[in-house]
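The values are calculated or read from the model by the stated rules, or taken from the named source; none is laboratory data. This is a predicted model, so every value here is computed, not measured. Virtual Cβ from ideal backbone geometry, glycine too; neighbours counted across all protein chains shown. When the accessible area is computed, the model is the full protein with side chains, heavy atoms only, and any ligands, DNA or RNA have been set aside. Shrake-Rupley method; radii C 1.70, N 1.55, O 1.52, S 1.80 Å.
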Amino acid sequence: MREHGFGVSLFDTMFVERPEEVAPRLDSERPDFFVVYDDGFNYLTKMCLTNMREAAFRMIQLARQRGSVVIVSSSDSTDHYQQYLEKGADFVLLGEGEQTLLELVTAIRDGQEEFEAIAGLAWRKKGVPVRSFARKVMKDLDQLPLPAWDLVDMESYRKIWMRHHGYFSLNISTTRGCPYKCNWCAKPIYGNRYNARSPRHVVEEIKLLKERYGFDHIWMCDDIFGLKPGWVEEFAALVEQEKLSFRFKIQSRADLLMQANYVEALARAGCENSWMGAESGSQKILDAMDKGVTVEQIAGATRLLQQHGVCASFFIQFGYPGETREDIELTIRMIKTLMPDNIGISVSYPLPGTVFYERVKSELNEKTNWTDSDELKLMFRNTYSPEFYKQLHRYVHKTYRRQLALREMRRLFSRPGQLTKKGLRMVASLGWYLTDAAIAGWRLRQLERLRLA
């Protein structure tokens, strides 16, 4: 937008509590266009949480009251553009937003009133929601300018990172999309295409951020980091050539992480943690999800990462249709055996546009979205009750922390000089972890008995 002569300001909602807090900025800026632009790389935005949707609706209303043309770009609005238009949005950008936004505001500035020629757009025509033809995803991501980092209140981010973690982390995206077809994963923005920035383009952004902000760590927020053959190797070589020193974490796949050259290059570049969608320790469930990986690959990838000094972390998903108690036990056993460095657990969540959603949509009734990310409610009929799966979430987290504490206890006796402050705290809390896990297990068995009764 700036490159084409538009003045731009940013209202970052990260540090605000209520959508009404945008009102003073609207009053001071008086923007011609108010754009609600969502984070397309965050799974929580794809989940279309009710609180987030309502906040967007409220900001749309506040901007309309002040005479701005309101434009929305998000996963949720791409799936449900009619709702956003009904709530007052003038336009919804369907799919990737950059080019559509530029063409739209240019057309409005030039006095155009017909928008059918702009790809990837929804609006109301004579009171009826209409949409244009789909826009093709961008292939050459290097043509985009680097993000306007100067608009971000970086010091607020630095302070909160340092206070909670002791280091400063930033997010970078190096790719867009995912070519795999896990049947529970929605892709309203980028579809099944996978396009990557060049390693040189990414390194130039990292250099800029190092010079301006002196970060310590990067969260590479791509669905899959470095899938393109040779990409990670070239990236690692450039990082070494530029003498850049930083740590980063990624998301990847177990089958990709079975490639020794890929993992070795990650380690050389500074990767400290790779999250993988392990999802389940049951091959039956992985196959039902169309995951395209095996339990053996998850184990092999974990070992290979750890051999190269890279932490392996798991995303776990309980409650997929057909999951039995045996499948749940296989997943818990996988976690205990492999002991990933971190775990993130959720329950199966039907997203519009997925095969999984189509299978269960008749069971969703009126509730099709969580209110917030902590709700963890199973919204369709399955082997156990929604309360069982919420308690399962607690139980697995607590038993995992118990296992970590036991591991640190063994390390204390075998290699006391290598124990960290965090490890010492875990050892000191071992009694609490043991008790907490036992109580969580008892409650889980009670909920299981209710079903059997």
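Numbers for the structure displayed
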read-out: Complete set of residues in the range 14-23 that are open to solvent by less than 70 Å² (accessible area, probe 1.4 Å) and either touching a strand residue (DSSP E or B) at 6+ places or on another chain (Cβ under 8 Å) or not small (Gly, Ala, Ser) (or both); value: Val16, Pro19, Glu20, Glu21, Val22
read-out: Among the candidates Arg402, Arg359, residue that is open to solvent by 40 Å² or more (accessible area, probe 1.4 Å), under 24 Å from Thr324 (Cα atoms), touching a residue at least 24 places away in the same chain (Cβ under 8 Å) and not hydroxyl-bearing (Ser, Thr, Tyr); value: Arg359
read-out: Tally of residues being open to solvent by 20 Å² or more (accessible area, probe 1.4 Å) and part of a helix (DSSP H, G or I) across the range 328-349; value: 6
read-out: Qualifying residues in the range 223-238 (those that are among the small types (Gly, Ala, Ser) and assigned to a loop (DSSP other than H, G, I, E, B)) - the one least open to solvent (accessible area, probe 1.4 Å); value: Gly226
read-out: Every pair of residues 6+ apart whose Cβ atoms lie under 7 Å, when the first sits in the range 421-447 and is among the charged types (D, E, K, R) while the second is modelled with pLDDT of 90 or more and open to solvent by less than 70 Å² (accessible area, probe 1.4 Å); value: Asp436/Lys398; Arg443/Gln391
read-out: Enumeration of residues in the range 24-38 that are exposed (fewer than 14 other Cβ atoms within 10 Å of the Cβ) and in contact with a Ser or Thr (Cβ under 7 Å, 6 or more places away or on another chain); value: Asp32
read-out: Count of the range 271-290 residues which are surrounded by fewer than 17 Cβ atoms within 10 Å (Cβ to Cβ) and at positive phi; value: 1
read-out: Close pairs from the range 144-166: first in contact (Cβ under 8 Å) with a residue 40 or more places away in the chain and basic (Lys, Arg), partner part of a helix (DSSP H, G or I) and surrounded by 13 or more Cβ atoms within 10 Å (Cβ to Cβ), Cβ under 8 Å, at least 6 apart; value: Arg158/Tyr213
read-out: Qualifying residue in the range 246-257 (condition: assigned to a strand (DSSP E or B) and of a type in the set (A, V, I, L, M)); value: yes
read-out: Only one of Ser68, Ser75, Ser9 that is open to solvent by 50 Å² or more (accessible area, probe 1.4 Å) and under 27 Å from Phe115 (Cα atoms); value: Ser9
read-out: So Lys422, is it assigned to a helix (DSSP H, G or I) and buried (at least 18 other Cβ atoms within 10 Å of the Cβ); value: no
read-out: Close pairs (6 angstrom Cβ cut-off, 6 or more residues apart or separate chains): under 16 Å from Arg449 (Cβ atoms) and modelled with pLDDT of 85 or more in the range 378-390, open to solvent by 10 Å² or more (accessible area, probe 1.4 Å) and in a helix (DSSP H, G or I) anywhere; value: Tyr384/Arg451; Glu387/Leu447; Phe388/Leu447
read-out: Single residue of the range 354-368 satisfying the filter (modelled with pLDDT under 85 and either among the polar types (S, T, N, Q) or at positive phi (or both)) that is farthest from the chain's Cα centre (by Cα); value: Asn365
read-out: Entirely in the range 1-68, the helices (runs of 4 or more DSSP H) that have 1 or more residues that are among the aliphatic types (A, V, I, L, M) and at positive phi; value: none
read-out: Filtered residue count, the range 440-453, keeping only those that are aliphatic (A, V, I, L, M) and surrounded by fewer than 13 Cβ atoms within 10 Å (Cβ to Cβ); value: 3
read-out: Residue list for the range 377-399, restricted to those being closer than 22 Å to Gly353 by Cα and open to solvent by 20 Å² or more (accessible area, probe 1.4 Å); value: Lys377, Arg381, Asn382
read-out: Lone unmet requirement of (1) surrounded by fewer than 22 Cβ atoms within 10 Å (Cβ to Cβ); (2) of a type in the set (A, V, I, L, M); (3) in a loop (DSSP other than H, G, I, E, B) for Val293; value: (1)
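Each row is one residue, and each column tells you yes or no for (1) assigned to a helix (DSSP H, G or I); (2) over 27 Å from the mean Cα position of the chain (by Cα).
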| position | (1), (2) |
| --- | --- |
| Trp370 | no, no |
| Lys377 | no, no |
| Phe380 | no, no |
| Gln391 | yes, no |
| Val396 | yes, no |
| Tyr400 | yes, no |
| Leu404 | yes, no |
| Glu408 | yes, yes |
| Leu412 | yes, yes |
